[in-house]
Amino acid sequence: MINTLVGLIFPNLCVGCNGVLLAAEQHICTHCIENFPETKFHTLPENQLEKAFWGRVNIERAYSFLIFRKQGIVQKILHELKYSNNPELGIMLGQIYGSKLREYGIGFDAVVAIPLHEKKQKLRGYNQSDCFAQGIAQSLQCAHLKNVVVRNKFTDTQTKKGRFDRWLNVGDVFGIETPDLIQHKKVLLVDDVITTGATIEACAHSILNYTPHLSVASIACVVNQ
Ligand SMILES: [Zn+2]
């Protein structure tokens with residue numbers, strides 16, 4: 001009753017279209033979800049995201065849920081995830097995408113997220129990539145591993161160096177703690193947005209020291225049209 005009254009005074013609005021959400025809807029309305037700009041990369045082996053990693057790092061498959069466009073719904077969603085204290089939205093997106101992967105018989109032993117910089121994690125209180133990872137793991141009924149991949153401490157000072165210096169040290173940016181948890185496992189590495197793929201690449205190299213079965217996924221990526 002109280003919730004209904006609060007809902008009348010302060011209706012929940014869709015992150016995508018600002019329309020009023022129905023009681024059964026959360027964060028994003030059904031219309032926006034049904035019209036998401038999807039990459040469908042999970043249905044396309046050798047898709048353009050996978051090709052972007054060829055010759056750089058040996059991953060099995062690359063998936064991304066949505067196509068990123070400036071000013072579009074995906075930019076609004078990513079903004080909401082980063083700045084509006086809405087971890088549940090990230091989990092929900094992961095659950096939706098996990099269901100789509102499952103429909104195609106895609107599965108993993110474990111899902112891990114690229115860790116945020118420590119300062120950002122403290123500021124935001126959560127890691128949106130990890131929320132997406134959690135939702136995917138729930139839908140695929142596999143392990144969601146936290147704190148396996150860690151950012152090595154010196155990364156902050158490294159970003160002040162030139163591009164070439166950073167490239168030399170790329171293998172040292174991420175460390176693996178408790179490697180037993182991913183040893184020889186089929187792992188999905190998750191990030192929020194893939195643009196150049198440099199972060200995924202660096203992290204993937206660290207994981208590949210322990211298992212050859214690595215795929216990557218993101219909430220969104222930039223695609224060439
Ligand atoms: Zn909407």
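The values are calculated or read from the model by the stated rules, or taken from the named source; none is laboratory data. Everything numeric in this text was worked out from a predicted model, so none of it was measured. Please note: Cβ atoms are built from the backbone with ideal geometry, for glycine as well, and neighbour counts cover all protein chains shown. Surface areas here come from the heavy atoms of the whole protein model, side chains and all, with no ligands, DNA or RNA. Shrake-Rupley method; radii C 1.70, N 1.55, O 1.52, S 1.80 Å.
Hey, what's the per residue convex hull volume over the C-alpha atoms of region 73-121, in cubic angstrom? Write out the running numbers ahead of the final one.
Numbers: hull volume 4.7 nm³, N = 49.
So the per-residue hull volume is 97 Å³.
For region 23-77, what ratio Rg/Rh do Cα atoms give with a Kirkwood hydrodynamic radius? Kindly include the intermediate steps, with their values, before the conclusion.
Numbers: Rg = 14.4 Å, Rh = 13.1 Å.
Ratio value, two decimals: 1.10.
Run the quick spin-label model on Ser99 and Phe10: label points 7 Å from Cα toward the beta carbon, then report their separation in nm to one decimal.
Inter-label distance under the simple model: 2.8 nm.
Please compute the Cα-Cα pair-distance distribution of the chain with 10 Å bins starting at 0, giving whole percents from short to long.
8, 32, 36, 17, 6, 1, 0
For the chain, what does the helix formula give at 222 nm: sum of -39500 (n - 2.57) over DSSP H segments with n ≥ 4, over the residue count, nearest 500 deg cm²/dmol? Each step should come with its number before you reach the end.
On the way: 10 runs with 87 residues, N = 225.
Value at 222 nm, helices only: -11000 deg cm²/dmol.
Can you compute 3J(HN,Hα) from phi for each residue in region 62-77, using the Karplus curve 6.51 cos²θ - 1.76 cosθ + 1.60 with θ = phi - 60°, rounded to whole Hz and x for Gly and Pro?
So the Karplus estimates, Gly and Pro as x, are 10, 10, 8, 5, 10, 8, 7, 9, 4, 6, x, 4, 5, 5, 5, 5 Hz.
Considering only protein heavy atoms and a probe of 1.4 Å, how much of the accessible area of the chain is carbon and sulfur, as a whole percent?
On the way: 6540 of 12360 Å².
The value for the chain is 53 percent carbon and sulfur by accessible area.
Taking θ = phi - 60°, what integer Hz values does the Karplus form 6.51 cos²θ - 1.76 cosθ + 1.60 yield along region 112-127, in sequence order, with x for Gly and Pro?
10, 9, 5, x, 6, 4, 3, 5, 5, 4, 5, 5, 8, x, 7, 10
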